[in-house]
């Protein structure tokens with residue numbers, strides 16, 4: 001009986017998530033693309049992308065930093081183009097082939113000027129937990145220099161297996177001094193155990209409060225902000 005109840009609850013949540021994604025995609029339909037945009041299980045959900053774009057427009061974010069590029073990168077760049085604002089996206093990824101794929105799509109869409117793509121291989125660093133690797137911090141520092149960011153999206157590196165589930169922890173300790181006073185921090189895949197542990201550690205260490213945008217993604221706000229949901 002309990003197993004059937006859990007199954008029904010899971011089905012309802014899945015249906016709700018699918019509905020949210022459909023509504024989100026419809027609300028973003030004014031952002032037209034020439035190319036097919038690849039979207040998979042590992043991609044940021046359309047619902048999460050919509051909230052990210054909402055935050056940028058509603059809370060006037062100008063500098064966005066992404067750890068892990070993908071379909072979100074392309075939507076962010078398209079928003080920069082269509083909104084005609086001074087929006088700049090910096091995207092860090094460890095996969096050189098993936099970066100080139102993104103670069104080609106952005107070029108076809110005439111969006112490349114809005115995005116700085118940084119190739120940073122995975123390496124050991126002082127912020128990591130255990131033997132997990134993160135993006136090469138020296139390469140990132142060299143590229144971003146003294147920039148300050150209004151929003152950070154953390155959707156990489158890969159962390160879907162148990163032995164690498166804490167891989168995304170270094171993102172916040174690294175970037176905390178590069179954030180403006182008014183900022184947002186978004187972590188994807190918060191339905192997984194590793195990301196839940198990471199959020200708990202971040203909240204305690206940096207006195208933050210992460211709230212759910214949907215079952216897969218959470219956000220923390222600092223400073224003044226308006227509601228994005």
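The values are calculated or read from the model by the stated rules, or taken from the named source; none is laboratory data. Keep in mind that this is a model prediction, so the values were computed, not measured. Please note: Cβ atoms are built from the backbone with ideal geometry, for glycine as well, and neighbour counts cover all protein chains shown.
Annotations for the structure displayed:
- Residues located in region 7-53, provided they are modelled with pLDDT under 75 and either part of a loop (DSSP other than H, G, I, E, B) or in contact with a strand residue (DSSP E or B) (Cβ under 8 Å, 6 or more places away or on another chain) (or both): 17
- Test result for residue 208, touching a helix residue (DSSP H, G or I) at 6+ places or on another chain (Cβ under 7 Å), surrounded by 15 or more Cβ atoms within 10 Å (Cβ to Cβ) and part of a strand (DSSP E or B): no
- Scope region 113-127; condition at pLDDT below 95 and out of contact with any helix residue (DSSP H, G or I) (no Cβ under 7 Å at 6 or more places or on another chain); matching residues: 124, 126
- Residue match in region 63-85 (condition: in a loop (DSSP other than H, G, I, E, B) and without any contact (Cβ under 8 Å) to a residue 12 or more places away in the chain): yes
- Of all residues in region 206-226 being over 22 Å from residue 148 (Cα atoms) and touching a residue at least 40 places away in the same chain (Cβ under 8 Å), the one that is nearest to the chain's Cα centre (by Cα): 217
- Checking each residue in region 82-101 for being in contact with a helix residue (DSSP H, G or I) (Cβ under 8 Å, 6 or more places away or on another chain) and at pLDDT 95 or above picks out 87, 88, 89, 90, 91, 92, 93.
- Scanning region 134-160 for residues that are over 20 Å from residue 54 (Cβ atoms), out of contact with any helix residue (DSSP H, G or I) (no Cβ under 7 Å at 6 or more places or on another chain) and at pLDDT 95 or above yields a count of 11.
- Condition check for residue 104: over 27 Å from residue 33 (Cβ atoms) and either touching a helix residue (DSSP H, G or I) at 6+ places or on another chain (Cβ under 8 Å) or not in a strand (DSSP E or B) (or both): no
- Close pairs from region 109-123: first in contact (Cβ under 8 Å) with a residue 60 or more places away in the chain, partner in a loop (DSSP other than H, G, I, E, B), Cβ under 8 Å, at least 6 apart: 109/33; 109/34; 109/35
- Boolean, residue 203 is modelled with pLDDT of 95 or more and within 15 Å of the chain's Cα centre (by Cα): no
- The set of residues in region 159-175 being touching a strand residue (DSSP E or B) at 6+ places or on another chain (Cβ under 9 Å) and farther than 18 Å from residue 88 by Cα consists of 167, 168, 169, 170, 171, 172, 174.
- The residue of region 30-46 that is nearest to the chain's Cα centre (by Cα), among those that are farther than 11 Å from residue 188 by Cβ and surrounded by 13 or more Cβ atoms within 10 Å (Cβ to Cβ), is 46.
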